[in-house]
Structures are given as C-alpha cells and as structure tokens.
Amino acid sequence: MTRDDAHPVVRRIRAFFHTPYAWGIVAIVVLLIVNLLRDPTYLEITLNPANGHLVGNLLDILRASAPILMIAVGMCLVIATGGIDLSVGSVMAVSGAVSMEALNALGPSDSGVAALGALALALGLSTVLGLVNGFLVSVVRLQPFITTLIMMMAGRGIARVITEGQNTNASNDVFRWIANGYVFGLPVVVLIAAGIVVAVGLLVRRTALGLMIEAIGINETASRMAGITPRGLLLTVYAISGALAGMAGVFATSTVMTVDVSRTGYLLELDAILAVVIGGTALSGGKFSLGGAVVGALVIATLDKTVVFLGIPSAATPAFKAIVIIVLCLLQSSRVREFFARRRAQTVRPKERVA
C-alpha cells in the first residue's frame with residue numbers, strides 16, 4: 001500500500017504529525033494520562049455550589065498558562081524576525097510594580113477607576129520598554145540578544161526604583177478580579193488571555209503583517225528591497241512583546257495583589273522561549289506558528305502542574321522538565337523525522353513488491 005492508497009484516517013494522522021506542534025499536543029495528553037493514573041478524578045470539572053464557579057485541575061492548568069501564554073505569543077513574533085527578547089520577565093516585574101504603586105496612590109480598594117488607571121499605566125510603561133528595545137535593535141542596530149539582555153538587567157532595577165526596593169502590595173477588588181474573578185463560571189484570566197491571543201492571531205494572519213514579519217526573519221535585506229520597511233515592523237513586534245509581557249505581569253501580580261521585584265517573572269523568559277520552540281518556530285527566524293506557541297505554553301503549564309501533583313522534589317524539578325523538553329525537541333527535529341520516514345518507506349516497499 002502506497003502513501004496515496006492509505007486510508008483517509010491514516011493520511012490525516014500522518015498530516016497531523018507533520019504539523020509543527022503535533023508532539024506538543026501529544027506531550028500534553030501523555031502528561032494528563034500520567035496524572036490520571038495517579039488520580040482517576042484528575043480531569044473532573046465540578047461546579048462549586050457556593051459561588052457557581054467551575055473548579056478542577058484543567059482550569060488550574062489554564063489559569064497557570066495565562067502569563068506564559070502572553071509572553072510566548074510576543075516572543076514568537078520577535079523570534080520570527082530573527083530576534084530574541086530576554087527582557088520579558090523583567091518587564092513583568094516593572095508592570096507589577098507600577099500597578100501596585102498606582103493602586104496605592106489612585107484610590108480606595110473598590111475603585112474601578114483606580115484599577116483601570118493602574119492597568120493603563122502598567123501596559124503603557126511596558127509598551128514603552130518594548131519600544132526602547134525595538135529602537136535599539138532597528139535604529140541603533142544593536143544585536144537583539146545584547147539589547148534585551150541589557151533591558152533584562154535594567155528592568156529589575158527600574159522595578160526596585162518604583163517600589164523603593166520593597167515588596168509592594170495593594171488592595172483593589174476590581175484589579176484582583178482580573179486574575180481571580182469568574183465570568184459564566186470560567187476564570188476571567190483565561191478568557192482575557194484567549195481573547196488577546198485570538199486578536200493577535202487575527203492581526204498577523206488576516207493582514208499582511210504576518211507575512212512581512214516572516215519576510216524580515218528570512219532575509220531582511222531582500223525584504224527591504226521588496227519594499228518592506230523593517231524598522232517600523234521591528235518597533236511593532238518589540239512593542240507588542242513588551243505590552244504582552246506587561247499584561248502577563250498584571251496577571252501574575254493581581255493573583256496575590258503583591259509584587260516581589262526579585263521573583264515576579266523570574267526566568268519566565270526561558271519558559272517563553274521553550275514554548276515557542278516546542279511550538280515549532282525556529283530560532284533562526286522566518287515562518288512562525290502562534291498556535292504552536294499556545295500549545296507550547298500549555299505544555300509548560302501542564303508540566304509544572306504535573307511536577308507538583310506527582311510530588312517530585314524541587315531539587316529534581318529542573319531535570320524532569322529538561323528531560324521532557326529534550327524528548328519533545330528530538331521528536332520535532334528534521335533528522336528524527338527523516339529517520340522515521342526512511343523506516344516507513346522500507347516497510348512499504350516489500351508490500352508493494354508482494355502486490
């Protein structure tokens with residue numbers, strides 16, 4: 001039986017495993033199965049009769065994935081241009097610091113105006129920091145790695161200046177609702193994250209923006225000769241990355257209504273890069289997959305929750321995560337795919353000779 005003669009279901013399965021994020025989906029399923037083997041009720045979602053909210057481990061995973069999802073989507077666009085953004089974790093800390101200080105200064109704990117003002121200031125400053133990265137990369141022509149490494153170090157310093165070196169907390173019911181509230185029984189933070197991802201996806205796939213970003217990543221000189229202006233696009237993608245990191249900082253901070261300048265967003269830039277790679281986007285730039293970045297973020301969140309649920313010691317947690325991610329990257333590598341393709345061809349040819 002040749003490939004063309006295969007059953008339609010077989011062809012669809014083969015096509016699925018040719019998608020960049022197929023093994024990420026498989027990893028999520030495997031991790032959930034492992035948790036189910038430990039607790040058969042792991043995937044149950046129940047209705048809390050006291051408040052009418054849906055509760056369950058799946059919703060906890062989605063809630064935990066929201067900040068990773070935000071920075072992974074922004075990171076995906078930056079990497080597609082051939083760049084990198086190492087500053088997203090520090091920008092999260094700046095966003096949290098600004099929002100907490102603003103809430104303490106703007107009004108009482110039940111003020112919606114204070115919450116909106118804090119949100120606007122946090123996202124505004126985060127976008128400005130993203131624009132600074134974009135300016136240094138596109139105009140000054142510094143390397144993205146060096147530029148964002150500098151901002152990664154400077155961002156923590158800016159957050160410490162804003163909070164005067166102290167962990168700052170605030171009280172505002174409206175702002176807390178962003179991370180802890182529910183709409184129709186579903187967590188607000190999940191709905192907001194999903195809405196932003198859909199909006200960014202429509203922006204880059206329903207307009208020419210996505211193609212121009214990919215063109216810059218493939219060959220910036222050729223894209224310039226084709227009439228594309230890399231400077232404006234680079235400013236745009238770094239600004240989007242900064243704004244989404246700022247939103248992730250709001251998510252992380254409003255959960256506990258406090259900002260720990262040293263810990264908020266700590267090493268989340270690495271999780272974002274891993275999510276993008278798991279999703280099948282090459283670090284060399286060019287074609288990207290926002291859907292893959294979403295899957296990668298869900299893999300990271302599911303993996304983190306699985307580590308806690310299985311009671312793996314904290315000292316062994318990095319090694320466990322590293323093993324899972326290495327296996328995923330190996331399964332996605334071109335050499336491994338070519339190996340399986342050759343093995344499949346070797347099993348098909350004898351059948352063809354018999355026929």
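Read the figures in this text as sums done on the coordinates, not as results from a lab. Please read these numbers as outputs of a predicted model, since none were measured by experiment. Here Cβ is always computed from backbone atoms with ideal geometry, including for glycine, and neighbour counts include all displayed protein chains.
Normalised by the number of residues in the chain, what is the relative contact order in percent for Cα pairs under 8 Å and 6+ residues apart? Spell out each step's value before the answer.
Numbers: 577 pairs, mean separation 110.6, N = 355.
The value is 31 percent.
Need the full-extension length gain, Thr258 to Cys329, defined as separation in residues times 0.36 nm minus the C-alpha distance. One decimal, nm.
Residue separation times 0.36 nm, minus the Cα-Cα distance, leaves 22.0 nm.
If the segment from Glu164 to Phe320 were pulled out straight at 0.36 nm per residue, it would be longer than the present Cα-Cα gap by 52.4 nm.
As a test of the formula, what do you get for the chain when each DSSP H run with n ≥ 4 contributes -39,500 (n - 2.57) and the sum is divided by the residue count, at 222 nm and rounded to the nearest 500 deg cm²/dmol? Let's see the in-between values first.
Numbers: 15 runs with 253 residues, N = 355.
Computed ellipticity for the chain at 222 nm equals -24000 deg cm²/dmol.
For the stretch 56-306, a simple Cβ point-charge model (Lys and Arg +1, Asp and Glu -1, everything else neutral) yields a dipole of about 500 debye relative to the Cα centre.
Among rounded, prolate and oblate, which fits the stretch 204-336 when a ≥ b ≥ c are the square roots of the eigenvalues of its C-alpha gyration tensor, a/c under 1.5 means rounded, and a/b larger than b/c means prolate? Could the numbers behind the result be given before it?
Working: a/c = 2.86, a/b = 1.48, b/c = 1.93.
Oblate shape, in that a/c is at least 1.5 and b/c is the bigger or equal ratio.
Computed from label points 7 Å out along Cα-Cβ, the spacing between Val139 and Val198 is 3.6 nm.
Residues whose amide H lies under 5 Å from that of Thr168, counting only those 5 or more places away or on a different chain, are Val259, Val261; hydrogens are built 1.01 Å from N in the peptide plane. Its residue count N fixes a reference of 2.2 N^0.38 Å for the stretch 153-261, and the Cα radius of gyration divided by that reference is 1.42.
With N set to the number of residues, divide the alpha-carbon radius of gyration of the chain by 2.2 N^0.38 Å and report two decimals. Don't skip to the answer; put the middle values down first.
Numbers: Rg = 22.2 Å, N = 355, 2.2 N^0.38 = 20.5 Å.
After normalising by residue count via 2.2 N^0.38 Å, the value is 1.08.
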